[in-house]
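To start, the structure itself, in structure tokens.
Bear in mind that the values in this text are calculations on the coordinates, not laboratory data. Just so it is clear, the model here is predicted, and its values are computed rather than measured. Positions of Cβ are generated from backbone atoms using ideal geometry, with glycine treated the same way; all protein chains shown enter the neighbour counts.
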Amino acid sequence: MEKHTFKDWVLATRPWSFPASAMPVVVTIAWTWAQGLPLNWWFALWALINIIFVHAAGNVWSDIADYRSGVDADDTFGVRQLVDGHFTVAEFRRLSLILNFIAIIGGVALVCLTGLTLLYIGIFGILLSLCYPRLKYMALGDVVIILCYSLLPMAGTSFIVSGAIHWDVLWLAVPVGLITVAILHANNVRDIETDRRAAIHTFPMLTGRRFGAWLYAVEVLVPFLWLVGLMVARIEPWWLGVAFLAMPVAVGNARTMLAYERGGKESYADLDERTAKLQLMFSLLLVIGFVLSKVV
């Protein structure tokens, strides 16, 4: 059996994807602080760490399902640990169980410290995470992603850090959630042929690659239009306009996807990772905007 380093185990969780789960929490914390609402910083840090463990566990669980179903194979892009034999399914299963155990213990402790509202949000989120592979194969992956990595974490974080769900924060769930969905969408557009071979169904398979490419462009560009609407309506401060510094990256990603016929699949093979980086940049700029709105 191959001996693994700590770095190997970390890479097995796909850490490049963590902005998808971490950034909704970070944006919610910044929004709560900028609103002048009660904010428990220790609980905020706890919530951030805990959702990363949930995400890591879900990634490993999903990779097991993809490997067993034939979605991940020798000729597919993306995760290679199981396909190349660097890890066994048993090792991945054990890693997923350990990560889930840590996340559940951390979540239960937070419930005891905050209230039962968090329990209901947490149970729903974990169930969706465990069912994600099956739902993804039924073209429902996008729905799960918008719930697990936008609406639920933002609502849950507002409750954890302030003691109540502040629904107004969910105005930001739209731009943050759309970019997160685009991470999955980039992956699914790329893998239409191999997913079809594995006899599963994803949304781009139902619509075709051309529509899927345009939908990806919408998912990474509409967040900026949404921000304009929030600022014009005075729902959010004008300082959030600093997030437009991420727009050239979004435009570049969209152009890469729309040029798929000319560039070939290799030209956008890593677009899911590049979209995760866009998520990180966009969300951190939102945080900077909230800080500026408070201190300037």
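A few notes on this one:
- Kyte-Doolittle mean at least -1.0, axial Cα span of 24 Å or more - DSSP H helices of the chain: 41-69, 89-114, 116-136, 173-190, 209-232, 271-295
- Cβ crowding within 10 Å ranks Asp270, Asp84 as Asp84, Asp270, fewest other Cβ atoms first.
- Partner aspartates and glutamates whose Cα lies under 20 Å from the Cα of Lys294, excluding those fewer than 8 positions away in the same chain, are identified as Asp168, Glu236.
- Anchor Lys265: lysines whose Cα lies under 28 Å away (excluding residues fewer than 8 positions away in-chain): Lys136, Lys277
- Calculated mean residue ellipticity at 222 nm for the chain: -23000 deg cm²/dmol, from DSSP H runs with n ≥ 4 weighted as -39500 (n - 2.57), summed, divided by the residue count and rounded to 500.
- Cα-based shape type of region 82-142, given that a ≥ b ≥ c are square roots of the gyration tensor eigenvalues and the cut on a/c is 1.5: oblate
- With contacts taken as Cα pairs under 8 Å at a separation of at least 6 residues, the chain carries a relative contact order of 23 percent.
- Three-way shape call for region 6-295 based on the alpha-carbon gyration tensor, with the a/c threshold at 1.5: oblate
- Stokes-Einstein D in µm²/s, Kirkwood radius over Cα pairs - region 1-136 at 10 °C with 1.306 mPa s viscosity: 98
- Cut-off under 5 Å, modelled amide H: who pairs with His201 long-range: Met138, Ala139
- Cβ crowding within 10 Å, taken as a proxy for footprinting-reagent exposure, orders Cys148, Cys112, Cys131 from fewest neighbours to most as Cys112, Cys131, Cys148.
- Order of Phe6, Phe224, Phe101 under a 10 Å beta carbon neighbour criterion, fewest first: Phe6, Phe101, Phe224
- What you get for region 6-295, charging only the Cβ of Lys and Arg (+1) and of Asp and Glu (-1), is a dipole of about 260 debye around the Cα centre.
- Efficiency of FRET from Cβ geometry, Val232 and Thr5, R₀ 45 Å, rounded to 0.05: 0.30
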